[in-house]
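Below: one structure, written as structure tokens.
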Amino acid sequence: MPYKLSPDDVLLTSGCTQAIETVMSVLGQQGFNILLPRPGYPKHEAHAVFHKMEVRHYDLVPERGWEVDLEAVEALADENTVAIVITNPNNPCGTVYTYEHLSKVSKLFI
């Protein structure tokens, strides 16, 4: 593992709504963008817009088990991209991504 984590690196929230708000408030600044899945969870977009981020949607591909469209992510990301939201297990699609797929997504940002 490339990172050493401690208990100070863990933040507990009262559910996903508070977690989304916390993350968006830390990352959100005008001029930054965030990549969100489509279909996805509307609260991500609402909080991103509230914190003045540009929202860019990437598609999930149903023919590949709702995997992330890697080509779309690569085309959408730029030097102002602060985050990509990946919901795993995925809601609303029900997919659980493989380690291999998540590794491919992460390599787009290294």
> Under a 1.4 Å probe, what is the accessible area of the chain per residue, stated in Å²?
Replying inline: 67
> Carbon and sulfur together cover what percent of the accessible area of the chain at a 1.4 Å probe radius?
Replying inline: 57
> Of R64, R56, which has the most accessible area and how do the rest follow, probe 1.4 Å?
Replying inline: R64, R56
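Taking Rh as the Kirkwood radius computed over C-alpha pairs, what is the Stokes-Einstein D of segment 44-110 at 4 °C in a medium of viscosity 1.567 mPa s, expressed in µm² per second?
D, rounded to a whole number, is 101 µm²/s.
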> To the nearest 20 debye, what is the magnitude of the charge dipole of the chain about its Cα centre, counting +1 on the Cβ of each Lys and Arg and -1 on the Cβ of each Asp and Glu?
Replying inline: 200
> For the chain, what is the calculated [θ] at 222 nm in deg cm²/dmol (nearest 500), taking -39500 (n - 2.57) for each run of four or more DSSP H residues and dividing by its residue count?
Replying inline: -9500 deg cm²/dmol
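The values are calculated or read from the model by the stated rules, or taken from the named source; none is laboratory data. Every value quoted in this text rests on a predicted model; they were computed, and no experiment measured them. No Cβ is skipped: glycine too gets one built from the backbone with ideal geometry, and neighbour counts run over all protein chains shown. Note: areas computed on protein heavy atoms with side chains; ligands, DNA, RNA excluded. Shrake-Rupley method; radii C 1.70, N 1.55, O 1.52, S 1.80 Å.
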